[in-house]
Amino acid sequence: MILSIRHKGLRLYFEKGDASKLQPQHISKIRLILTRLQSAKAISDMNIPGYGLHQLSGELKGFWAVKIDKNYRIIFQFIAEDVHEVDYLDYH
């Protein structure tokens, strides 16, 4: 279950369905990822072909990332059975 979202636009979309602060070409993939994160009970639930699940290092150590497109990712922390600190960013 998603417990916290950092990105204001992503939070607005998740809570109210308002996608005005997100890249329009990313909306359908974001919807799929958020739905999957909401129901995930283990990090392995996010290991889906095409998502490119990987663990981050450096400043983002402790976070996992899934791919939206070439540059954009949704990153998050998975603690116990919950998802925290969900963010939407271009970290490349």
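The values are calculated or read from the model by the stated rules, or taken from the named source; none is laboratory data. What you are looking at is a predicted structure, and each value in this text was computed from that prediction instead of being measured. No Cβ is skipped: glycine too gets one built from the backbone with ideal geometry, and neighbour counts run over all protein chains shown.
Brief remarks follow.
- Looking across the stretch 74-83, the residues that are surrounded by fewer than 17 Cβ atoms within 10 Å (Cβ to Cβ) and either in contact with a strand residue (DSSP E or B) (Cβ under 6 Å, 6 or more places away or on another chain) or charged (D, E, K, R) (or both) come down to 81, 82.
- Of all the numbered requirements in (1) modelled with pLDDT under 95; (2) not in a loop (DSSP other than H, G, I, E, B), residue 86 misses one, and that requirement is (1).
- Hits in the stretch 49-68 - residues which are in a loop (DSSP other than H, G, I, E, B) and in contact with a His (Cβ under 9 Å, 6 or more places away or on another chain): 68
- Across the stretch 14-59, the number of residues qualifying as within 17 Å of residue 70 (Cα to Cα), touching a residue at least 40 places away in the same chain (Cβ under 8 Å) and either exposed (fewer than 14 other Cβ atoms within 10 Å of the Cβ) or β-branched (Val, Ile, Thr) (or both) comes to 3.
- Test: residue in the stretch 3-15 that is in a loop (DSSP other than H, G, I, E, B), at pLDDT 95 or above and closer than 19 Å to residue 90 by Cβ: yes
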